[in-house]
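What follows is a single structure, written as structure tokens, with notes after it.
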Amino acid sequence: MAMSDMRKKIISATLDLIVENGFQGATIAMIADQARVAVGSIYLYFKSKDDLICKTHAYLEGQMLASVMADYPEGRPIRERFLHVGLKLVNYFIASPMELLFIEQFHNSPYGVACRRDRIFNKEGKDIIRELFDEGLQQQILKELPQQILITLTFGPLIGICRNHILHYIELDEPIITRTIEACWDAIRR
């Protein structure tokens, strides 16, 4: 088995077990058992359980970002790019409910706090969302609010509707998704 295949099996098992049992309840032994690998094999790819959790999040975030960036309308008006990001994000989470549940759990844990802190204060590398909001603020298209508030006003509601759809509290269809994303836009535009 190729190294990347085993790594993907471990990440997949980690995702499933953490969503089902939480960070504390998903043991390395359980993850190894579900991935059908030896416990020691996990440590060939990950330094610790914490490293495994953080790398699982990074992998999932990379998958989500790849989905959002597919057909990204680079250079188009900010509103068009915003609507693209919102639609791609909602469609990704609806199609990948376990990923949403893991990412939410991660972001509401000490792991997520550290990750967000690093992202806020370490602005190295390309971050299409940060760039979109920076551009909107510079062009005075967006309300003059801290970027973290603009992000919360955008992604908080979108993640909430995805969660409610996954839990069968609401049924999302394309018109409702589009109107919700437009409502998020209206919340942050001047």
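Readers should treat all values here as calculations from the given coordinates under stated rules, not as data from a laboratory. The shown structure was predicted, so the numbers you read here are calculated from the model rather than taken from an experiment. Backbone-built Cβ (ideal geometry, glycine too); neighbour counts: all protein chains shown.
So, by mean Cβ neighbours within 10 angstrom, what's the order for 91-99, 63-71 with the highest one leading?
Working: 91-99: 17.0, 63-71: 13.9.
Final packing ranking: 91-99, 63-71.
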For the chain, longest principal axis from Cα atoms; helix 78-95 axis from its Cα atoms; angle between them, nearest 10 degrees, is 30 degrees
Calculate, in nm to one decimal, what GLU174 and ARG79 gain on full extension: separation in residues at 0.36 nm each, minus their alpha carbon distance. 32.4 nm
Would you mind checking the pairs LYS47/LYS88; LYS55/LYS143; LYS55/LYS88 and listing those with alpha carbons more than 30 angstrom apart? LYS47/LYS88; LYS55/LYS143
For GLU61 and TYR45, extending 7 Å from Cα along the Cα-Cβ vector and measuring point to point gives, in nm, a value of 1.9 nm
Setting aside same-chain residues fewer than 8 positions from LYS9, which aspartates and glutamates have a Cα under 13 Å from its Cα? ASP33
Just from its helices, what would the mean residue ellipticity at 222 nm be for the chain, if runs of 4 or more DSSP H residues each count -39500 (n - 2.57) and the sum is divided by every residue, rounded to the nearest 500 deg cm²/dmol? -25000 deg cm²/dmol
Taking the simple approach of a point 7 Å from Cα along Cα-to-Cβ for both ASP127 and ASN21, what is their distance in nm? 3.4 nm
